[in-house]
Amino acid sequence: MQFKCNQTLPERAIHIALKGPGGTCQRGDGSACFIANNVATTPGDMTERGCTYAGCRGVVGGPVKDAIQLTHGPIGCAFFSWGYRPHLADSDFHMKYTFVSDMNETNIVFGGEKKLLQSIIEANAEFPDAKAVFVYNTCSTALIGDDGRDVAKQAEAIIGKPVVFFECEGFRGVSQSLGHHVGNETIFRQLVGSVEPEGDFSRSINIVGDYNIKNDIRTFEYLFEALGLRIIARFTGNVSVDDLKIMHKAALNIVHCQRSATYIADMMKEKYGTPYINVTLWGIKNMAQALRDTAAFFGLEARAEEVIAREVVRIQPHIDAYRQRLQGKRVFIYQGGPRAWHWIELLRELGMETETAATTFGHTDDYEKIFKQITEGALVIDNPNVPEIEEILTRRRPDLFISGNKERYLAYKLGVPFVNGHTYDTGPYAGFVGMVNFARDIDKALHAPVWTMLHQYARPAPAAHHTAHGFEEVES
Ligand code: CFM
């Protein structure tokens, strides 16, 4: 299981493992232990990882729909973190605008605190309806020692609303993953529990770790509501600052993305005693299980069965039809983290098997979940670089590649059907009804007429066969 491209990068071996007979792990360096993860990328390795700022601003803080999203740093940090992730809401302020203190050379030399304070005041004056200002620190302002926390305090006194300062400078941590942690911790510390509402919250939940990518929440919120539950906050898809302030009132946290949001569930459990359950809201089995587990907590089991039965009947014929067309296909999933394991079961429900799974910033718990679910001969790879992805696509030749926009054109150029699992080209993909969309997009990718034309008119793809080391040797 050696990658040709890693002959000059032996450090990569411990990040690559094959599932052997009887569930054994065969790591690239020959040892039996588990895959290395969440460690610094080796210099020279062409990683696709993001930075801590990206994880905080782009993933956790950015979806909050009525906060001014202000970057304390150079304008590029603001521009390139703006508008790429479709974390939709029922208003578009958070997607439409981005704000920046616009640090230039003079500010770097003489300090940017005054400029930051001015930026917060100006942004708030322009958009007085915003409920808070979220300020994200960047590498440059952290390195010169700007005291953003202090500026935020001053600004809060002047504008009379929360100014939340995220210490998410890009160089912290080894990937965007630390940015999720900073985002959770800061929102918890500064907002959660800052208002004590009256009322009965005994049948209320928070959906934690869903970001409403292309309206995913529309596929499952009504299901929880059909159980008779009230959703207080969505952390952080389609959420307002006011919802976050009272999310500590929920009786139960439902944790979906367990990489980016278990932190806040743990903190709420510790401080408020709020229990949480881990769920997967993609796929029929998983979605049904999520409803059953939630219902069991509130004693609503019978109602859950009714809801599940009603929904499954609606989608099953569509799923069966797609399954006929997708049966037996072999998939390479490469996502940021948990989606790589969330989807293994879903793909199986569609008749497909994951033969390679990779994550950009997964931790040990993510890899354990992947490893448990995949079958013998499947490859697992941590933080794959571009040459490795190319080698997997050309040598293992998956039928389908589920990944993101960074890999899309590589897949197209190599003639591998591709589905965008990060931002979804159509979507939503969650819940019962979203699964039909997912199946449809996979079917479209696999059976696009271009593949037949390609084989008719272009040079045929080289024949391939499996080998003991997990790669298909390509005959050239
Ligand atoms: Fe959680 Fe996400 Fe993901 Fe993530 Fe992401 Fe994303 Fe992802 Mo792209 S929060 S870890 S940092 S499920 S943006 S909505 S698709 S890499 S696997």
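Only beta bridges with both residues in the chain are counted; by DSSP, about 20 percent of them are antiparallel.
Using the crude model of +1 on Lys and Arg Cβ and -1 on Asp and Glu Cβ, and no other charge, please compute the dipole size for the chain relative to its Cα centre, in debye to 20. Before the final figure, lay out the partial values.
Numbers: 49 positive and 57 negative charges, 158 e Å.
Its charge dipole is roughly 760 debye.
Scanning residues 5 or more positions from residue 71 or on other chains, those with amide H under 5 Å from its amide H are 99, 100, 101, 136, with H placed 1.01 Å from N in the peptide plane.
The orientation-averaged projection of the convex hull spanning the C-alpha atoms of the stretch 204-309 amounts to 6.1 square nanometres.
If you bin all the Cα-Cα distances of the stretch 1-135 at 10 Å, starting from zero, the percentages per bin are 11, 28, 21, 17, 16, 7, 0.
Which pairs break 23 Å Cα to Cα here: 413/444; 115/245; 96/444; 96/249; 329/413? The partial results should precede the final answer.
Details: 413/444 17 Å; 115/245 28 Å; 96/444 31 Å; 96/249 31 Å; 329/413 20 Å.
Check vs 23 Å cut-off fails for 115/245; 96/444; 96/249.
On full extension of the chain, what length is gained from residue 42 through residue 426, given 0.36 nm per residue of separation minus the C-alpha to C-alpha distance? Intermediate values should be presented prior to the final figure.
On the way: separation 384, 0.36 × 384 = 138.24 nm, distance 3.56 nm.
Length difference between fully extended and current span is 134.7 nm.
Could you work out the relative contact order of the chain? I mean the mean sequence separation of Cα pairs under 8 Å and 6+ apart, divided by the number of residues, in percent. Walk me through the numbers before you get to the answer.
Working: 963 pairs, mean separation 79.7, N = 476.
Dividing the mean separation by the residue count of the chain yields 17 percent.
What's the center-to-center distance, using Cα atoms, between the stretch 238-299 and the stretch 310-343 in Å? Answer, in whole Å: 24.
What ranking, highest mean first, results for peptides 347-357, 301-311 when packing means the other Cβ atoms within 10 Å averaged over each residue?
Packing proxy ranking, top to bottom: 347-357, 301-311.
By the rule of a C-alpha distance below 19 Å, with chain neighbours fewer than 8 residues away ignored, the aspartates and glutamates paired with residue 131 are 66, 90, 92, 122, 156, 196, 242, 243.
The sum of -39500 (n - 2.57) across all DSSP H runs of n ≥ 4, divided by the residue count of the chain, sets its helix-only mean residue ellipticity at 222 nm to -11500 deg cm²/dmol.
The relative contact order of the stretch 52-190, computed from alpha carbon pairs under 8 Å that lie at least 6 residues apart in sequence, is 36 percent.
Nearest 20 debye, what's the magnitude of the dipole of the stretch 204-309 about its Cα centre given +1 on Lys and Arg Cβ and -1 on Asp and Glu Cβ? Spell out each step's value before the answer.
Numbers: 12 positive and 12 negative charges, 37 e Å.
Its charge dipole is roughly 180 debye.
Rounded to the nearest 20, the size of the Cβ-charge dipole of the stretch 1-140 about its Cα centre is 520 debye, with Lys and Arg at +1 and Asp and Glu at -1.
If one puts a single equal scatterer on every Cα of the stretch 232-277 and applies the Debye formula without solvent, what log₁₀ I(q)/I(0) results at q = 0.16, 0.28 Å⁻¹? Results for the stretch 232-277 at q = 0.16, 0.28 Å⁻¹ read -0.37, -1.15.
Work out how much length residue 114 to residue 126 would gain on full extension: take 0.36 nm times their residue separation and subtract the Cα-Cα distance, in nm to one decimal.
Answer, rounded to one decimal: 2.5 nm.
Taking Rh as the Kirkwood radius, which is the inverse of the mean 1/r over Cα pairs, what is the Rg/Rh value for the chain? Write down the numbers at each step before the final one.
Values: Rg = 23.3 Å, Rh = 23.6 Å.
Rg divided by Rh gives 0.99.
Near the amide H of residue 329, within less than 5 Å, lie the amide hydrogens of 353, all on another chain or at least 5 residues away, with H placed in the peptide plane. Placing dummy labels 7 Å off each Cα toward the beta-carbon, the span from residue 453 to residue 408 is 1.9 nm. Residue separation of residue 153 and residue 278 scaled by 0.36 nm, minus their Cα-Cα distance, works out to 41.4 nm of gained length. Dipole of the stretch 122-247 computed with +1 at Lys/Arg Cβ and -1 at Asp/Glu Cβ about the Cα centre; of 222, 165, 208, farthest Cα towards the positive end is 222. When the chain is described by a simple charge dipole with +1 on each Lys and Arg Cβ and -1 on each Asp and Glu Cβ, the residue from 319, 187, 10 located farthest towards its positive end is 319.
Each reported figure results from applying straightforward, stated rules to the coordinates on display, with no laboratory input. Every value quoted in this text rests on a predicted model; they were computed, and no experiment measured them. When we count neighbours, we look across all protein chains shown, and the Cβ atoms used for this are built from the backbone with ideal geometry, even at glycine.
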